[in-house]
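Visitor: Before I ask anything, let me first share the structure, which is written out below as structure tokens.
The values are calculated or read from the model by the stated rules, or taken from the named source; none is laboratory data. If you're wondering where the values come from, they're calculated on a predicted model, not measured in any experiment. Here Cβ is always computed from backbone atoms with ideal geometry, including for glycine, and neighbour counts include all displayed protein chains. Note: accessible area is taken over every heavy atom of the protein model, side chains too, but ligands, DNA and RNA are not part of it. Shrake-Rupley method; radii C 1.70, N 1.55, O 1.52, S 1.80 Å.
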Amino acid sequence: FLNSQVLYESLGRKCLEYLEFELAIRAFQEAKNLSMVLYIQSFKHETEKNILMGNVCAIFGNYDQAQDFFLKSTQPSLALDMRCDIQDWLIALNLAKSIAPEQEPIICRKLATQVESQGNNNEALRLYEKSILPEEGSNILSKTELEKHNRSCWTGIAKTSIKTGDVSRGFNIANELNDKNQMLEIAIVCENSKQLMEAAQLYEKAGLPEKAASIYIACLLYTSDAADDLLCVDLGGL
């Protein structure tokens, strides 16, 4: 049974190479590959060869070649859609500049998040700052979506500011946010960065008083221990 599925999968992929989409669909149905069936069905009626070839290349993971086909087609935005689908935000941002400038801030924010996760906090901070949209509105975002986008940007700015040493800026931004989940994100960054008093205050505002209390107590114990150590040193010198 498993061997037959593998054979049908191979047959389906070979059919795609020759743009035999109906046969490919039947083969992938036999292989129980429903996601592939649905994907092929989404473009099989397309009449433009560049778009067909772009989709086939994307299926095989040849994304650069797929992008070339899409850009030559009458729907170059498909190249941008593909890069967004595979979360290749850097190339997507470059494409957006010429294909869909209105999407630049959104893609830039997603790239910032990706770059931050890779530990490049200075670059992430720059990208978050670049992603902020003016409050008067956006061509593609509703008012609610715009507010959510900008809150995410400011949360990113706060976190990366703390990670790069500008704790006061990050803490001040956190205090201006009205979202407990985002405040919690920043509190965690403060704690991980050993900015414990700031972390405790943010945990408290985020609705986690027990977590805040445990950090306050730990800070008091540390201060008490440090004071005892200093007292011992002073007494020892007498």
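Visitor: Check cross-link reach from Lys44 to the aspartates and glutamates: straight Cα distance under 14 Å, and skip same-chain residues fewer than eight apart.
Guide: Counting by Cα, and skipping residues close in sequence, Lys44 has these aspartates and glutamates nearby: Glu17, Glu20, Glu22.
Visitor: I want to check the label-to-label distance for Asp85 and Leu38. Put each point 7 Å from Cα in the C-beta direction and report it in nm to one decimal.
Guide: It is 1.2 nm.
Visitor: So what's segment 54-107 giving for Rg/Rh, alpha carbon basis, Kirkwood Rh from the mean inverse pair distance? Don't skip to the end; give the middle numbers.
Guide: On the way: Rg = 10.3 Å, Rh = 10.8 Å.
Ratio value, two decimals: 0.95.
Visitor: Okay, next question. What translational diffusion coefficient, to the nearest whole µm²/s, does segment 139-189 have by Stokes-Einstein, given a Kirkwood radius computed over alpha-carbon pairs, a temperature of 20 °C and 1.002 mPa s viscosity? Please report the intermediate quantities before stating the final value.
Guide: Details: Rh = 11.1 Å.
It diffuses with D of about 193 µm²/s by this estimate.
Visitor: A further question on this structure: Give the shape of segment 1-121 as rounded, prolate or oblate, defined through the alpha-carbon gyration tensor: a ≥ b ≥ c are the square roots of its eigenvalues, a/c under 1.5 means rounded, and otherwise the shape is prolate if a/b is larger than b/c and oblate if not.
Guide: Values: a/c = 3.12, a/b = 1.71, b/c = 1.83.
Judged from the Cα gyration tensor, segment 1-121 comes out oblate (a/c at least 1.5, b/c at or above a/b).
Visitor: Under a cut-off of 18 Å between alpha-carbon atoms, report the lysines in cross-link reach of Lys97, not counting same-chain residues fewer than 8 places apart.
Guide: Partners found: Lys72, Lys110, Lys130.
Visitor: Another question, then. Share of segment 1-66's accessible area from carbon and sulfur, percent, 1.4 Å? Show your work: numbers first, answer last.
Guide: Values: 2200 of 4120 Å².
With neighbouring chains kept in place, the figure for segment 1-66 is 54 percent.
Visitor: Also: Cα centroid distance between segment 6-40 and segment 48-112, in Å?
Guide: First find each Cα centre; the distance between them is then 24 Å.
Visitor: Could you tell me which label, among (i) -0.42, -0.69, -0.95, -1.00; (ii) -0.28, -0.57, -1.05, -1.16; (iii) -0.21, -0.44, -0.89, -1.02, carries the value of log10 I(q)/I(0) by the Debye sum over Cα atoms at q = 0.07, 0.10, 0.14, 0.15 Å⁻¹ calculated for this structure?
Guide: (i)
Visitor: On a 0 to 90 degree scale, rounded to 10, what angle separates helix 167-176 from the longest Cα axis of the chain?
Guide: 70
Visitor: Most mobile of Phe43, Phe69, Phe171 per a Gaussian network model of the chain (Cα springs, under 10 Å)?
Guide: In the Gaussian network model the winner is Phe43.
Visitor: Relative contact order, percent, of segment 6-120 when contacts are C-alpha pairs under 8 Å separated by at least 6 residues? Intermediate values should be presented prior to the final figure.
Guide: On the way: 101 pairs, mean separation 14.8, N = 115.
Taking the mean separation of contacting Cα pairs over the length of segment 6-120, I get 13 percent.
Visitor: Sort the following peptides by mean Cβ neighbour count (other Cβ atoms within 10 Å, averaged over residues), highest first: 163-169, 7-13, 184-190. Walk me through the numbers on the way to the answer.
Guide: Values: 163-169: 15.3, 7-13: 17.0, 184-190: 22.4.
The peptides rank, most packed first, as 184-190, 7-13, 163-169.
Visitor: Can you tell me, using C-alpha contacts under 8 Å and at least 6 residues apart, the relative contact order of the chain as a whole percent?
Guide: That works out to 8 percent.
Visitor: Could you give the nm distance between label points at Glu20 and Glu129, where each point is 7 Å from its Cα heading toward the beta carbon?
Guide: Going by the 7 Å Cα→Cβ label model, 5.8 nm.
Visitor: Estimate the FRET efficiency between Asn181 and Lys72 by the formula 1/(1 + (r/R0)^6), using the beta-carbon distance for r and 45 Å for R0, to the nearest 0.05. Working shown, then result.
Guide: On the way: r = 43 Å, r/R0 = 0.96.
It comes to 0.55.
Visitor: When the Kirkwood radius is taken over all Cα pairs of segment 27-89, what Stokes-Einstein diffusion coefficient follows at 25 °C and 0.890 mPa s, in µm²/s?
Guide: Numbers: Rh = 12.0 Å.
Reported coefficient: 204 µm²/s.
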